[in-house]
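Below is one structure, written out as C-alpha cells; comments come after it.
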C-alpha cells in the first residue's frame, strides 16, 4: 500500500489550498493509498539553522535533519512515504513562510555536497507534487513570471529522485463577504463565478493528481 503525505502550508485548514489537498488525498485513497494530512501552522518549528549536522562525517544519516522540534516526526514520515503533496497559497509572489521553512529542512538534508553532478543524497524514490493557489489570474501570474519560482521548487523536488507534478488554481475566492474588506481591486461577482465554475474543475484535477501519484509506482 503506497503512503502519501500531504503538507498544508496555508494558515487556513478549510479554504482553497486545504480543499485541494484534501481532494488530492481522496484520489490517493481511492487508488488504495494510506494517506495523511499535516497542517504546518499547527506546528512549532524553524527553518534550517545551518548546523550542517546532515553533512557531518560520522553523524550523517542521509536525508535526515537533526533538529528536534515539532517538524522532526513529520520529516521522518515524509522520508518513509512514497509520495508527498505540498500545498501553499501565494503571498507576496511567493509561498508562505511556513512552507519555505519546511522545504529548507526537507531539501537541504537531501542535498549532497559530495556526489558530483548527482546532487541528491536521498537513497530512495519519492514522487512529489505542488499545489499552488493564488488570487491573481493566469495572465497576471504569467506577467509576474511565477513560473520561474515554480521551476525552482521543482528542481529541489527532484532531490527526492521521483517525478514531480504541478497544479495551479488561479483567481481564487478570498473572503466570505467582500463587502467587509477594503478590497475594491477585486470584483466579487467575478470571483464568485470563478469559484462556482472553475474551482470544482481544480478540485477534480487535484483528485486525479492524487490518484496518479498513488499508481505511478
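The values are calculated or read from the model by the stated rules, or taken from the named source; none is laboratory data. Not measured: the values here are computed from a predicted model. Note: ideal-geometry Cβ built from the backbone for every residue, glycine included; neighbour counts use all protein chains shown.
From the set of residues in segment 208-217 that are part of a helix (DSSP H, G or I) and either loosely packed, with under 12 Cβ neighbours inside 10 Å or out of contact with any strand residue (DSSP E or B) (no Cβ under 8 Å at 6 or more places or on another chain) (or both), which is modelled with the lowest pLDDT? Don't jump to the end; show me each part of the working.
Of all residues in segment 208-217, those part of a helix (DSSP H, G or I) come to 208-215.
Add one more test, that the residue is either loosely packed, with under 12 Cβ neighbours inside 10 Å or out of contact with any strand residue (DSSP E or B) (no Cβ under 8 Å at 6 or more places or on another chain) (or both), and what stays is 208, 211, 215.
Values: 208: 98, 211: 97, 215: 87.
Top of the filtered list is 215.
Residue 154: in a helix (DSSP H, G or I) and under 15 Å from residue 164 (Cβ atoms), yes or no? Here the answer is yes, as residue 154 does meet what is asked.
Search segment 37-54 for residues being surrounded by 17 or more Cβ atoms within 10 Å (Cβ to Cβ) and at pLDDT 95 or above, and hand back the single one that is farthest from residue 174 (Cα to Cα).
Within segment 37-54, the first condition is being surrounded by 17 or more Cβ atoms within 10 Å (Cβ to Cβ), and the residues that meet it are 37-40, 45, 48, 54.
Keeping just the survivors that are at pLDDT 95 or above gives 37-40, 45, 48.
Details: 37: 22, 38: 22, 39: 19, 40: 20, 45: 27, 48: 31 Å.
If we take residues in segment 37-54 being surrounded by 17 or more Cβ atoms within 10 Å (Cβ to Cβ) and at pLDDT 95 or above, then 48 is farthest from residue 174 (Cα to Cα).
The condition (being within 15 Å of the chain's Cα centre (by Cα) and over 24 Å from residue 23 (Cα atoms)) is satisfied by just one residue among 152, 167: 152. Scanning segment 159-207 for residues that are surrounded by fewer than 14 Cβ atoms within 10 Å (Cβ to Cβ) and in contact (Cβ under 8 Å) with a residue 60 or more places away in the chain turns up just one, 204.
Of all residue pairs spaced 6 or more apart or on separate chains, those with beta-carbon atoms under 8 Å, a first member in segment 57-69 that is on the phi < 0 side of the Ramachandran plot and modelled with pLDDT under 85 and a second member that is surrounded by 13 or more Cβ atoms within 10 Å (Cβ to Cβ) and assigned to a loop (DSSP other than H, G, I, E, B) are 59/66; 62/110; 62/121; 62/122. The number of residues in segment 101-123 that are surrounded by fewer than 16 Cβ atoms within 10 Å (Cβ to Cβ) and touching a residue at least 60 places away in the same chain (Cβ under 8 Å) comes to 1. Can you pull out the residues in segment 122-143 that are closer than 26 Å to residue 200 by Cβ and not in a strand (DSSP E or B)? Once the filter is applied, which keeps residues that are closer than 26 Å to residue 200 by Cβ and not in a strand (DSSP E or B), segment 122-143 yields 134, 135, 136, 137, 138, 139, 140, 141, 142.
Tell me whether segment 55-65 contains one or more residues that are surrounded by 14 or more Cβ atoms within 10 Å (Cβ to Cβ) and assigned to a helix (DSSP H, G or I). Can you show your working first?
Keep residues of segment 55-65 that are surrounded by 14 or more Cβ atoms within 10 Å (Cβ to Cβ), which gives 55, 60, 62-65.
From the residues that got through so far, the ones that are assigned to a helix (DSSP H, G or I) too are 55.
Yes - at least one qualifying residue is present in segment 55-65.
Would you mind stating whether residue 46 is under 13 Å from the mean Cα position of the chain (by Cα) and not in a strand (DSSP E or B)? Here the answer is no, as residue 46 does not meet what is asked. Any chance segment 6-24 includes a residue that's in contact with a helix residue (DSSP H, G or I) (Cβ under 7 Å, 6 or more places away or on another chain), closer than 30 Å to residue 114 by Cα, in contact (Cβ under 8 Å) with a residue 24 or more places away in the chain and surrounded by fewer than 15 Cβ atoms within 10 Å (Cβ to Cβ)? No, every residue in segment 6-24 fails to be in contact with a helix residue (DSSP H, G or I) (Cβ under 7 Å, 6 or more places away or on another chain), closer than 30 Å to residue 114 by Cα, in contact (Cβ under 8 Å) with a residue 24 or more places away in the chain and surrounded by fewer than 15 Cβ atoms within 10 Å (Cβ to Cβ).
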